[in-house]
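In what follows, a structure is listed as structure tokens, so that the remarks can point back to it.
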Amino acid sequence: MIVGYARVSTDGADQDISIAEQARQLREAGCDRVIAERRSAHKDGIRPGWEELLGLVAAGRVRKVVAVSQSRLSRRGEDVPFLRMCSRQGVEVVLLDGTPASTADPASKLLTGVLSLVNEIDSDIKARNVRNGLARRKAQGHYACGRVPFGYRYDGSQVAIHPEHFADARLLWQQLEEVEFNLPRVIRRHGLRWSARGLGRWIDNPILRGIVNNEAGKVEALISWQEWQRARGLLESRKRVGARAPRTLRTFSGLVRCSFCNHWLHYVVAAGKPRLKCSNLRCSHFGRGLAEWKIRAQVIEALRAAAERMAMLGAEPAPLVPSPVDDAKRQQIAQLEALQAQGVQGLEGSIEALRLELLTPPPPNSADWAGLREVLLLPGALEAATVPELRPLLHELVAELTYTGDCNRITIRLREGASGDAPNS
């Protein structure tokens, strides 16, 4: 079999013509099969196409390998060992640019080694120039970046809000909040041309919180830190228990756990009245539960009973204690920067991630009881609250609702106050 290998460094559309032209030349050269991939041959990382080519040659299934040039094979010194392997296996290597690709004689061995070294050094110089250019632009106040998130634009030197899409981005966030960040549901309901993974990356993009180049307040924020933390809390809680977002949001969807199997209780409707039951066949509480109105009455009673005391505790200023986690992150950044100064490559991503974590405030230790006290104590307000009105209160104030097998009562644990107390009932 004659195998051709075509490669470009990125998956950008501007590389489409190049890789298509390489593939065309390889087919015209008589290749039975063309392996084409879009991967850098200079950066560390696995190249599936390259690994496939090595496997075919090692298995003795190839009699000739064709490439446009030696630089298409590798730019980090892997091409010379490959050529030596081909020589041992009796595989002919042909480069369409006319340069020899053999290690059989001293002259060819010298030329291929020199070209391999030249290609590697050329890539090193280009990478260094790119890094230096980015550093100069950042020092001048510019933010050199690739894609910016939906709702923003890059004007060539700075990230700014998009005058046409910023309002649409805010509307998208509100649509996500309405279904408690059930990403597939929002995509289907509104016909979005997003994937759930892409929408999740958009939610986590720091530019939405006004952070550009690890500096807060560099652009108008689309969302507040509290909104982002609530979104992350909902997504992480489902990830931890391996649960999906509820299809239909009722008052206690995804909020009441079974104490025996730790699964969520599911809604059933009997005689027009909603109940929550354990649906885990292996659980001793299977098929058992209690009526929704009983849970609602107990939760409202617990919230009202705790509102006054927790609001008073929340009004007390919490002592500022230095975070040992933040100190450890600063030490890691210093160590990585020291390694970077010594010439170690590929640390930029880790340094930026740690700096972003330092900017991210920790989730609040206590719920906003003081701000919600008047609503909690207003007669009839919680009883008349709709599902969209009551569920945010439950997410804010209730830490855990547990069904223990009693058909009349559940265990309620409220979120901590400023003192660290967590009322239970």
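Would it be correct to say that Ala135 is assigned to a helix (DSSP H, G or I), at pLDDT below 90 and either surrounded by 14 or more Cβ atoms within 10 Å (Cβ to Cβ) or polar (S, T, N, Q) (or both)? Steps first, please.
Numbers: assigned to a helix (DSSP H, G or I): yes; at pLDDT below 90: yes; either surrounded by 14 or more Cβ atoms within 10 Å (Cβ to Cβ) or polar (S, T, N, Q) (or both): no.
For Ala135, the condition - assigned to a helix (DSSP H, G or I), at pLDDT below 90 and either surrounded by 14 or more Cβ atoms within 10 Å (Cβ to Cβ) or polar (S, T, N, Q) (or both) - is not met.
Take the residues in segment 395-417 that are touching a residue at least 40 places away in the same chain (Cβ under 8 Å) and hydrophobic (A, V, I, L, M, F, W, C), then tell me which one is surrounded by the fewest Cβ atoms within 10 Å (Cβ to Cβ).
Let us first name the residues in segment 395-417 that are touching a residue at least 40 places away in the same chain (Cβ under 8 Å), namely 395, 397-398, 400-412, 414-417.
Filter once more, so that each one left must be hydrophobic (A, V, I, L, M, F, W, C): 397-398, 401, 407, 410, 412, 414.
On the way: Leu397: 20, Val398: 18, Leu401: 20, Cys407: 11, Ile410: 24, Ile412: 21, Leu414: 23.
Going through the qualifying residues, I end up with Cys407.
Those residues that are outside any helix (DSSP H, G or I) and in contact with a Leu (Cβ under 8 Å, 6 or more places away or on another chain), I need them from segment 370-391; list them, please.
Of the residues in segment 370-391, the ones outside any helix (DSSP H, G or I) are 378-380, 385-386.
Within segment 370-391, Ala385 is the sole residue that qualifies.
For Asn213, which of the numbered conditions (1) over 27 Å from Leu393 (Cβ atoms); (2) surrounded by fewer than 14 Cβ atoms within 10 Å (Cβ to Cβ); (3) of a type outside the set (A, V, I, L, M, F, W, C); (4) out of contact with any Leu (no Cβ under 9 Å at 6 or more places or on another chain) fails to hold?
Of (1) over 27 Å from Leu393 (Cβ atoms); (2) surrounded by fewer than 14 Cβ atoms within 10 Å (Cβ to Cβ); (3) of a type outside the set (A, V, I, L, M, F, W, C); (4) out of contact with any Leu (no Cβ under 9 Å at 6 or more places or on another chain), only one is false for Asn213: (2).
Checking Ala367 against (1) at pLDDT below 80; (2) under 18 Å from Val398 (Cα atoms); (3) of a type in the set (A, V, I, L, M); (4) assigned to a helix (DSSP H, G or I): exactly one of these is not met. Which one?
(4)
Any chance you could count how many residues in segment 20-48 are assigned to a helix (DSSP H, G or I) and either surrounded by fewer than 16 Cβ atoms within 10 Å (Cβ to Cβ) or modelled with pLDDT under 90 (or both)?
Initially, segment 20-48 is screened for residues assigned to a helix (DSSP H, G or I), giving 20-28, 48.
With the extra rule that they be either surrounded by fewer than 16 Cβ atoms within 10 Å (Cβ to Cβ) or modelled with pLDDT under 90 (or both), the set shrinks to 20-21, 24, 27-28, 48.
Total satisfying the criteria: 6.
I need the full set of residues from segment 362-417 which are among the small types (Gly, Ala, Ser) and in contact with a strand residue (DSSP E or B) (Cβ under 6 Å, 6 or more places away or on another chain), in order please.
Kept after step one, since they are among the small types (Gly, Ala, Ser), are these residues of segment 362-417: 366-367, 370-371, 380-381, 384-385, 399, 405, 417.
Answer for segment 362-417, where residues must be among the small types (Gly, Ala, Ser) and in contact with a strand residue (DSSP E or B) (Cβ under 6 Å, 6 or more places away or on another chain): just Ala399.
Being farther than 12 Å from Gly405 by Cβ and in contact (Cβ under 8 Å) with a residue 60 or more places away in the chain is the filter; apply it to segment 255-264 and report the residue that is nearest to the chain's Cα centre (by Cα). Before the answer, list the steps.
Kept after step one, since they are farther than 12 Å from Gly405 by Cβ, are these residues of segment 255-264: 255-257, 262-264.
In the following step, the residues that additionally are in contact (Cβ under 8 Å) with a residue 60 or more places away in the chain were identified as 255-257.
Working: Leu255: 25, Val256: 28, Arg257: 28 Å.
Applying the filter and picking the extreme gives Leu255.
Looking at the structure I just gave you, is Ala384 surrounded by fewer than 14 Cβ atoms within 10 Å (Cβ to Cβ) and at pLDDT below 85? Before the answer, list the steps.
Numbers: surrounded by fewer than 14 Cβ atoms within 10 Å (Cβ to Cβ): yes; at pLDDT below 85: no.
Criteria not met by Ala384.
Out of everything in segment 184-209 that is out of contact with any helix residue (DSSP H, G or I) (no Cβ under 9 Å at 6 or more places or on another chain) and not β-branched (Val, Ile, Thr), what residue ends up being surrounded by the most Cβ atoms within 10 Å (Cβ to Cβ)? Steps first, answer last, please.
Our first condition is that a residue be out of contact with any helix residue (DSSP H, G or I) (no Cβ under 9 Å at 6 or more places or on another chain); within segment 184-209, this holds for 185, 188, 191, 198, 201, 205, 207.
Still in the running and not β-branched (Val, Ile, Thr): 185, 188, 191, 198, 201, 205.
Numbers: Arg185: 20, Arg188: 10, Gly191: 6, Gly198: 14, Arg201: 12, Asn205: 17.
Checking each candidate, the answer is Arg185.
The values are calculated or read from the model by the stated rules, or taken from the named source; none is laboratory data. From a predicted model like this one, the values you see are computed outputs, not experimental measurements. We place every Cβ from the backbone using ideal geometry, glycine too, and count neighbours over all the protein chains shown.
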